[in-house]
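Worksheet: one structure, shown below.
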Amino acid sequence: SNSKTKTKRHNNHIIWELGGKYQKLTKLKEEVANADILVNATLAGMKPHEELTLIKDKSMFRPDLVVADVVYNHAETRMVKEAKEAGCKLAIGGKGMLLWQGAAAYCHCLASQESTVLYIASPRKDQK
């Protein structure tokens, strides 16, 4: 086993971490074959790892598979590009996730500020 290979189990699925070798490629193929959606939530595809991809065997992509990537820099990762080329139903990058995450944070921040202003401005029992 390569010292850079990191695998762990989570909910009975094998998770491969960036820099690791795909020692259980058969298991990965099996999991993707049984999945409706494949999501990359690693650094694979993000600068400076543009050439890394979770899917080494492009035959794992199929027309009814949805592929999503949380990576937003590059707008289109190698995995998303190859999924599109393979004819996947939908293949999207992480810019939308980044946008909506930012919008939610902005709303949360505004709501927090508004609540604080209202609290400070409201008369308290001890001020009467």
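Readers should treat all values here as calculations from the given coordinates under stated rules, not as data from a laboratory. As the structure is a computational prediction, the values presented were derived from the model and not from experiment.
Numerical summary
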read-out	value
Distance violations [Cα-Cα > 22 Å] among Lys47/Lys81; Lys27/Lys95; Lys29/Lys95; Lys27/Lys47	Lys27/Lys95; Lys29/Lys95; Lys27/Lys47
Added length on full extension, which subtracts the Cα-Cα distance from 0.36 nm per residue, Ala105 to Ala75	8.7 nm
